[in-house]
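Below is one structure, written out as structure tokens; the observations come after it.
The values are calculated or read from the model by the stated rules, or taken from the named source; none is laboratory data. None of the values given here were measured: they were computed from a predicted structure. Cβ atoms come from the backbone with ideal geometry, glycine included; neighbour counts cover every protein chain shown.
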Amino acid sequence: MKSKELAFIGIFAALVIVLQAIAEISRLLGLPMSLALGLIPVLVAAQLKGMKIGAIVGLVFGLTSMTLAIIAASSLPIAKVTINPLVSVLPRVLVGVVCGGVYKLVSRNSASKPRRVFNSVAATLSGIITNTALYLGMFLAFAYGRSFGETTIDLKWVLATVVALNTVIEVVAFTLIVPATVISIENWQKNNGERI
């Protein structure tokens with residue numbers, strides 16, 4: 001692996017850790033949801049550098065989620081489910097693979113700005129859907145029917161609490177943030193003749 005790629009991974013890994021820590025702190029301070037802010041660098045990295053680098057940054061996101069779950073498990077028993085790497089890590093690795101693959105597929109022969117925006121939005125949505133479907137699917141597989149305090153984990157609970165709040169906000173916010181970031185970086189690279 002080239003030194004530029006290692007530096008890129010290091011920067012994006014740091015962004016994942018900081019953004020996901022902010023998401024957890026905001027939840028602990030009373031925000032009724034925990035957005036997957038660490039997903040943003042994964043989506044950007046996958047589109048800029050492809051599936052391999054996207055998967056590596058996704059791995060960092062998954063390991064960060066698992067670590068935060070270990071820390072929170074004593075005070076928030078439901079977090080124990082996320083300690084399982086099949087719940088917290090595997091879906092995030094696959095987000096990088098899917099998003100990078102979709103971006104590469106739809107970006108062939110597209111130079112116009114509207115088309116580039118569409119390509120990035122399509123790849124971003126594929127990443128968000130992959131994260132939501134796989135994370136929640138694995139979460140349900142390991143926690144379905146279990147009770148945590150007054151909460152019993154079932155499909156209705158997942159749809160009402162996670163999908164209705166988190167996923168909708170992530171789709172709206174991330175499809176604005178990620179394409180703007182990707183296109184800005186690509187334009188900078190093109191204008192300066194440099195690759196990051």
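Numbers below:
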quantity	calculated
Tabulated pairs, segment 145-165, first closer than 23 Å to Ser75 by Cβ, second in a helix (DSSP H, G or I), C-beta under 6 angstrom, 6+ apart or interchain	Phe148/Pro77; Phe148/Ile78; Ile153/Ala143; Val158/Leu136
Residue in segment 159-181 that is of a type in the set (Gly, Ala, Ser), at pLDDT below 80, loosely packed, with under 12 Cβ neighbours inside 10 Å and in a loop (DSSP other than H, G, I, E, B) present	no
Residue in segment 72-87 that is modelled with pLDDT of 85 or more, in a helix (DSSP H, G or I) and out of contact with any Phe, Trp or Tyr (no Cβ under 9 Å at 6 or more places or on another chain) present	yes
Qualifying residue in segment 110-121 (condition: assigned to a loop (DSSP other than H, G, I, E, B), hydrophobic (A, V, I, L, M, F, W, C) and modelled with pLDDT of 90 or more)	no
Residue that is surrounded by the fewest Cβ atoms within 10 Å (Cβ to Cβ) [pool: residues in segment 94-114 that are of a type in the set (A, V, I, L, M) and more than 16 Å from Ile40 (Cβ to Cβ)]	Ala111
Scan of segment 118-144 for residues that are free of Cβ contacts under 8 Å to residues at least 60 places away in the same chain, within 19 Å of Ser34 (Cα to Cα), buried (at least 17 other Cβ atoms within 10 Å of the Cβ) and not hydroxyl-bearing (Ser, Thr, Tyr), ordered by number	Leu125, Leu134, Leu136, Met138, Phe139, Leu140
Pick from segment 58-111, criterion without any contact (Cβ under 8 Å) to a residue 12 or more places away in the chain and of a type in the set (A, V, I, L, M, F, W, C), ranking: nearest to Ala122 (Cα to Cα)	Leu105
Flag for Tyr103 being farther than 23 Å from Ile78 by Cβ, touching a helix residue (DSSP H, G or I) at 6+ places or on another chain (Cβ under 8 Å) and assigned to a helix (DSSP H, G or I)	yes
Subset of segment 31-70 that is among the hydroxyl-bearing types (Ser, Thr, Tyr) and buried (at least 21 other Cβ atoms within 10 Å of the Cβ) - its residue that is nearest to Ser88 (Cα to Cα)	Ser65
